[in-house]
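Below is one structure, written out as structure tokens, with a few remarks after it.
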Amino acid sequence: MFNIYGITEVSVWATLAPVNLTRLLTRKAAQYVPPLGDPMPHTTLALRTTDRQLILLHPVPRHAQQSDSHNRKLSAQGTTDQVLTGQLLIGGKRQCRLNDETEPQVWRETGDLVRVVRGKVYYLGRAQESVLKVRGKKINLLEISNTLQACPAVNQVV
């Protein structure tokens, strides 16, 4: 059994990790959280911290080594003793043809919070619980709710 993680914009499969079935089937199964795994070929991972630093989690291919003025790119290699938390970003050559995209994006925000412990990436949850993705499109549930409540014909029922 494998833990497969990804987002629509990179054809869903971005990381892959074997699941420890022995550990999963024991009494401590509720405490077992498999890591997201290693990136698939032509895929790179990064972590955006709360102070907006971009920390590279795995070796970066040449096309993704571009730097913009807002990001300081650091490598998580050598930080195995440090616990890092932030939003996961996926980069790479792979692309999905959403919105008539012709070039792969350098980094795509997943909207997911992760923790990196001893070089392994673990899923924590959504960065914003009110935002979800459907077929690669971001849907903000809070924005929809506020818009509906602002309509005169809509009554709030408690």
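Quick rundown of the values:
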quantity: Computed E for Val154/Val131 - FRET, C-beta separation, R0 22 angstrom, nearest 0.05; calculated: 0.50
quantity: Computed FRET value (nearest 0.05) for Thr147 with Arg23, which takes r as the C-beta separation and R₀ as 41 Å; calculated: 0.35
quantity: Three-way shape label, segment 1-48, alpha-carbon gyration tensor, a/c 1.5; calculated: prolate
quantity: Residue-normalised accessible area of segment 1-43, given per residue in Å² at a 1.4 Å probe; calculated: 66 Å²
quantity: Difference of contour (0.36 nm per residue) and Cα-Cα distance, Trp13 to Asn140; calculated: 43.3 nm
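The values are calculated or read from the model by the stated rules, or taken from the named source; none is laboratory data. Model, not experiment: these values are computed from the prediction. Because the Cβ atoms are built from the backbone with ideal geometry, glycine has one as well, and the counts that use them run over all protein chains shown. To get the accessible areas, we keep the full protein, side chains included, count just its heavy atoms, and leave off ligands, DNA and RNA. Shrake-Rupley method; radii C 1.70, N 1.55, O 1.52, S 1.80 Å.
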